[in-house]
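Heads up: the structure comes next, in structure tokens.
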Amino acid sequence: MSTTPTAAPPPSATGTGRPTAARPPAGPRRASAWARRAPLMPALIFLIVCTQLPFAATLVISFFDWNSLYPDDRSFNAFGNFAQVLGDSDLRASLLTTIILTTVVVLCSLALGLAIALLLDRSFRGRGVVRTLMIAPFLVVPVAAALLWKHLLFNPEYGLFNGAINWLAGLVGINDPIQPDWISDMPLIAVQASLIWQWTPFMMLILLAGLQSRPGDVMEAAHLDGASDWQIFRYITLPHLRRYLELGGLLGSIYIVQNFDAVFIMTSGGLGTANLPYSIYQTFYQAHEYGLASAAGVLVVIGSIILATFALRVVSSLFSEEVSR
Amino acid sequence: MSATTTAAPSGTSTVARRGKGAVLGLLAWAAGLLFFLPVAWMVLTSFHSEPDAATNPPSLLAPLTLDSYRTFFGEGGGASPWPPLINSMTASLASTALVLLLALPAAYALSIRPVKAWRDVLFFFLSTKMLPVVAGLLPVYLIAKNIGMLDNIWLLVILYTSMNLPIAVWMLQSFLAEVPPSVIEAAQIDGARLPTILWRVIVPIAGPGIAATSLICFIFSWNEMLFARVLTGVTAQTAPVFLTSFITSQGLFLAQMCAASFAISLPVLAAGFAAQDKLVQGLSLGAVK
């Protein structure tokens, strides 16, 4: 008993040690609670200062009419900025673009990731090598990946895609094959393709881990009972993978909703590909409309909070299942 | 009965199954190679001369040269890539160290000796990750401007630390939860204090997990571009911002762009391949083991 206070020493000498030494009836428990909390505090305070305070500032700025090119004209604008943002067709369009971009990229990379994870779940010669090759796209710096797709693959004159079309056409004797200008003809699809290429490996890794955690005895029993591959996939694998699909979709969405690099580099937000992060960046960085950018930011935060409450519930259910196992 | 049927399946089904297995194996190889193709093409092009890089149809067997790397590393009189590379290295390594310094004790207080509401705290950390970065960009810019921290690499160190701290706390929490409590109790009875316990007992046991956490924080910091672009100028420019100079095509630049892209991606590729086995657990915030 007497060793408990010394067994739980406060990590820092910030006054928490004294009540333990004096040992009043309620003291040790309170001291021990603080000793538990103390290691957490630096990280918590750091995070609150660095993430919550800027958002508070954004909220304040969003109520002002403030363009940094006219610093003397700064004035309180109440909800004027919000009305302007909601009435701005460009910003509404970028909201729609964000939704389309995120949904298409997350769903396509989940589907492709699932297919490839199923292929990699079987044993075959060189499986480790294929897995390593598959991870590579995710490890290319996003700016480099976007440049790679823009110039090396999509370029209409010397890009690999048109080059391959030309080469294949030459093999079968066609002289002037189609040479599409990929980014101008299908800008959003071009951006989506590069992002799907980067995120499929991520989904594949999570789903492969899910596949490998399937209970082996259940699978074997199903095989012995004469279940077909499709039945096993539909009634055992897919229900088991549900949580992994949700997790992959959730984490992918967190990152892809915020994507800036691919849009910035491939199209500079042109041709209807400007998503919300890009539009807000432009409002603030190029148009210097601080009040408007902040109002848009606040609306994005509100939207994120609504999505996040839903998303956190998904993680929470996954997490409690992990704990109960 | 059932043992005999599994031990001796009929000959035709074995052949059929082996054939199907081979086809699926080939498909897996095809998928892997297809996804790797753009990376391979980038590396190959970086070793071609500029005229050979921009041909249609592509010249696969063109002679190899190191010219693009020579130009990239500043022998042609262009901007030297070393200051941005060093800035990126500083920002990534320093922020990763700071993240570990803050996240290890926090993860300890959320797993080994948990505070009462540890689960709520854990979810608070994650929720900050869901707030869009772009909404906080303007105040950060204004504050940095007022205190004279614009174009200063240490501003990025602080921002990258806050960006990666939630991920690191989640990951480390799941890694530390695997440390057997008896080991820590034994150290506590010996009178060890928290820093000693963390350094002498927990770090050696949870070492691989901590290494994976550091690698992922390093990768995210190295890749970051939005903050770096808005908050740095000439002196604190990072490698991804340096790469954005290739956005518009000017003359023959393809091989050089590939050389720059590959050189700047190399640290991440190396770190990622080294941490392959822990990558899943890390990226899924420890939810997938």
Please tell me if B:Trp82 is at pLDDT 85 or above, of a type in the set (A, V, I, L, M, F, W, C) and surrounded by fewer than 20 Cβ atoms within 10 Å (Cβ to Cβ). yes
Take the residues of region A:282-314 that are facing another protein chain (nearest Cβ under 7 Å) and buried (at least 23 other Cβ atoms within 10 Å of the Cβ): which is farthest from the chain's Cα centre (by Cα)? A:Tyr290
Could you tell me which numbered condition A:Ala227 fails, if it satisfies all but one of (1) surrounded by fewer than 21 Cβ atoms within 10 Å (Cβ to Cβ); (2) touching a residue at least 24 places away in the same chain (Cβ under 8 Å); (3) of a type in the set (A, V, I, L, M); (4) not in a helix (DSSP H, G or I)? (2)
For region B:186-195, how many residues meet the condition of being in a loop (DSSP other than H, G, I, E, B) and not acidic (Asp, Glu)? 3
Those residues of region B:156-175 which are aliphatic (A, V, I, L, M), within 18 Å of B:Met130 (Cβ to Cβ) and in contact with a Phe, Trp or Tyr (Cβ under 8 Å, 6 or more places away or on another chain) amount to B:Leu159, B:Met163, B:Leu165, B:Ile167, B:Val169
List the helices (runs of 4 or more DSSP H) that sit entirely inside region A:98-200 and contain at least 3 residues that are within 11 Å of another protein chain (Cβ to nearest Cβ) and within 30 Å of B:Pro132 (Cα to Cα). A:127-139, A:142-147
Identify all residues within region B:151-173 that are crowded, with 18+ Cβ neighbours inside 10 Å and farther than 29 Å from A:Ser316 by Cβ; write none if there are none. B:Ile153, B:Leu155, B:Leu156, B:Val157, B:Ile158
Looking at (1) surrounded by 22 or more Cβ atoms within 10 Å (Cβ to Cβ); (2) small (Gly, Ala, Ser); (3) within 20 Å of B:Cys258 (Cβ to Cβ); (4) in contact (Cβ under 8 Å) with a residue 12 or more places away in the chain, which one does A:Gly210 not meet, given that it meets all the others? (3)
Quick check: is even one residue across region B:23-36 modelled with pLDDT under 80 and either in the same structural domain as B:Ala117 (by TED's automatic domain parsing) or in contact with a helix residue (DSSP H, G or I) (Cβ under 8 Å, 6 or more places away or on another chain) (or both)? no
What's the number of the only condition in (1) surrounded by 18 or more Cβ atoms within 10 Å (Cβ to Cβ); (2) part of a helix (DSSP H, G or I) that A:Ile236 fails to meet? (1)
Given the conditions (1) touching a Leu at 6+ places or on another chain (Cβ under 8 Å); (2) within 11 Å of chain A (Cβ to nearest Cβ); (3) buried (at least 17 other Cβ atoms within 10 Å of the Cβ), every one holds for B:Leu60 apart from (3)
Of B:Leu266, B:Leu283, the only residue that is within 25 Å of the chain's Cα centre (by Cα) and at pLDDT 90 or above is B:Leu266
Considering only residues of region B:108-132 that are in contact (Cβ under 8 Å) with a residue 24 or more places away in the chain and either outside the structural domain of B:Phe175 (by TED's automatic domain parsing) or of a type in the set (A, V, I, L, M) (or both), which is nearest to A:Gly297 (Cα to Cα)? B:Leu126
What is the one condition in (1) modelled with pLDDT under 85; (2) buried (at least 20 other Cβ atoms within 10 Å of the Cβ) that B:Ala109 does not satisfy? (1)
Among A:Val218, A:Val172, the single one that is more than 30 Å from A:Ser316 (Cα to Cα), assigned by TED's automatic domain parsing to the domain that holds A:Val104 and exposed (fewer than 14 other Cβ atoms within 10 Å of the Cβ) is A:Val172
Just give me the residues in region B:166-220 being within 19 Å of the chain's Cα centre (by Cα), of a type in the set (A, V, I, L, M, F, W, C) and over 25 Å from A:Ile45 (Cβ atoms), in sequence order. B:Ala211, B:Ala212, B:Leu215, B:Ile219
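One line per residue, one yes/no per condition, for (1) more than 22 Å from A:Leu251 (Cβ to Cβ); (2) aromatic (Phe, Trp, Tyr):
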| residue | (1), (2) |
| --- | --- |
| A:Ile99 | no, no |
| A:Leu114 | no, no |
| A:Val130 | yes, no |
| A:Tyr158 | yes, yes |
| A:Val172 | yes, no |
Could you check, for region A:185-205, whether at least one of its residues is assigned by TED's automatic domain parsing to the domain that holds A:Ile100, touching an Asp or Glu at 6+ places or on another chain (Cβ under 6 Å) and farther than 30 Å from B:Ile216 by Cβ? no
Positions within region A:205-218 being in a helix (DSSP H, G or I) and either of a type in the set (S, T, N, Q) or under 17 Å from A:Leu119 (Cα atoms) (or both), in sequence order: A:Leu205, A:Ile206, A:Leu207, A:Leu208, A:Ala209, A:Gly210, A:Leu211, A:Gln212
May I ask you to say which residue of B:Ala91, B:Ala135 is without any contact (Cβ under 8 Å) to a residue 24 or more places away in the chain, assigned to a helix (DSSP H, G or I) and under 25 Å from the mean Cα position of the chain (by Cα)? B:Ala135
Pairs, please: C-beta under 8 Å, at least 6 apart or cross-chain, first residue of a type in the set (Phe, Trp, Tyr) and in region A:22-48, second modelled with pLDDT under 80? A:Trp34/A:Pro10; A:Trp34/A:Thr16
From the options B:Phe123, B:Phe218, B:Phe175, residue that is of a type outside the set (Asp, Glu) and closer than 23 Å to A:Ala308 by Cα: B:Phe123
Among the residues of region A:90-112, is there at least one that is modelled with pLDDT under 85, among the aliphatic types (A, V, I, L, M) and under 28 Å from A:Asp261 (Cα atoms)? yes
Of the residues that make up region B:122-140, is at least one surrounded by 16 or more Cβ atoms within 10 Å (Cβ to Cβ), within 21 Å of B:Ile205 (Cβ to Cβ) and not aliphatic (A, V, I, L, M)? no
The lone exception for B:Leu155 - which of (1) at the interface with chain A (Cβ under 7 Å from one of its Cβ atoms); (2) within 30 Å of A:His288 (Cα to Cα); (3) not small (Gly, Ala, Ser) it fails: (1)
If you check B:Val183, B:Val179, which single one turns out to be part of a helix (DSSP H, G or I), more than 10 Å from every other protein chain (Cβ to nearest Cβ) and out of contact with any strand residue (DSSP E or B) (no Cβ under 8 Å at 6 or more places or on another chain)? B:Val183
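The values are calculated or read from the model by the stated rules, or taken from the named source; none is laboratory data. Computed from a predicted structure; not experimentally measured. Positions of Cβ are generated from backbone atoms using ideal geometry, with glycine treated the same way; all protein chains shown enter the neighbour counts.
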